[in-house]
1. Suppose only helical runs count, i.e. DSSP H with n ≥ 4. What mean residue ellipticity at 222 nm does that imply for the chain under -39500 (n - 2.57) per run, divided by all residues and rounded to the nearest 500 deg cm²/dmol?
2. So for the pair residue 188, residue 53, with labels modelled 7 Å out along Cα→Cβ, what separation do we get in nm?
3. Can you compute log10 of I(q)/I(0) for segment 76-138 with the Debye formula, treating each Cα as one identical point scatterer, at q = 0.14, 0.17, 0.25, 0.26 Å⁻¹?
4. In nm, what is the difference between 0.36 nm times the number of residues separating residue 17 and residue 140 and their Cα-Cα distance?
5. Set the bar at 27 Å for Cα to Cα. Now go through 19/150; 17/171; 105/208; 59/150; 150/206; 171/206 and name every pair that lies beyond it.
6. If you take the C-alpha gyration tensor of segment 167-209, multiply each eigenvalue by 5 and take the square root, what semi-axes do you get, largest first, in whole Å?
7. Carbon and sulfur atoms: what percent of the 1.4 Å accessible area of the chain do they account for?
8. Where only protein heavy atoms count, and the probe is 1.4 Å, what is the accessible area per residue for the chain in Å²?
Amino acid sequence: MRRMQVLVGRNITLFLKNKTNVLLCFFSIVIVIGLYVIFLRDFILQSVEETGLLLQYVKEFTDRLMVSGLLIVLNITTSFGIMQLNVSDAANGVQRDYLVAPVSKFQLQIGYWISSVLVSFFFTLLTMGGAELYFMASYENRFQLTAALKSIGTIFFSSCMNSGLLLLMVKFMKDTTSFSTFGNLYGMVCGFLAGTYLPYAMYPEKLKGILFYFPPMQLTSIIRQLYLSVFQEGGSKVGEQLYQVYGVTLIKEGTLITMRGQWSYLLLALAVVLLTVRIENREELL
């Protein structure tokens, strides 16, 4: 435990000392939200209005639908800072120096994973708090405490899942230049892969069959169900058909997937990711 505290503390300290990385994390929040407001909001508003949803709910439904999905995208992109440190340490031989001490490769990688989880969770939670202040100021509906706590828990799990996936991917990165290129590409497409910008129901059937098993897609669906739960209170129920059209709930082979089923899959996926990391770094202490 002491070794892990030292590793995590060292990683986060180096991350915070790199002011560029910290600013980029804040800047990514502004960029992602700004892109939605400038380029997507009017289009999605028109699309939701055409479904026949009562006008009094159109704007809030649209904003909650998109902001909740953007939280998953931000959760992914804010994991990049620590993972870039991972690549840099490997390229510069820092990890070999650590392995001279009684630290295994697995412990070293888990240290990066925990550090990434904490950083991405902090920035995503910060964004969630800012978004909820906006919703409170703009609309009458407010998050119930239970839904808010579940959303926070989902964001934390999302940090664990996304950081784990990146941990597997960075193994193939030999230097920070290749990681930067990968990060730009992955950050650009993850919004589509996770069903944030384009609802799951609008993808071709073959692509839906693949993306259904992409964990961020499931996480986007879950966080959207929680964020839109405000419409199930006070008699203002939004139809299930609208949820299916915009990827709030997912359909697999004609069957509606329950949230319990989604969590079962995600827990299994995280276990597989961590087990894979353990197998890849199974060397004994050096």
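The values are calculated or read from the model by the stated rules, or taken from the named source; none is laboratory data. In this text, all values refer to a predicted model and were calculated from it rather than measured experimentally. Note that we place each Cβ from the backbone using ideal geometry, even for glycine, and neighbour counts take in every protein chain shown. Accessible surface is based on the protein model in full, side chains and every heavy atom, while ligands, DNA and RNA are left aside. Shrake-Rupley method; radii C 1.70, N 1.55, O 1.52, S 1.80 Å.
1. Calculated mean residue ellipticity at 222 nm is -24000 deg cm²/dmol.
2. 3.0 nm
3. Log10 I(q)/I(0), no solvent term: -0.52, -0.65, -1.00, -1.04.
4. Answer, rounded to one decimal: 40.2 nm.
5. 19/150; 105/208; 150/206; 171/206
6. 27, 11, 7
7. Carbon with sulfur: 66 percent of the solvent-accessible area.
8. Heavy-atom accessible area per residue stands at 50 Å².
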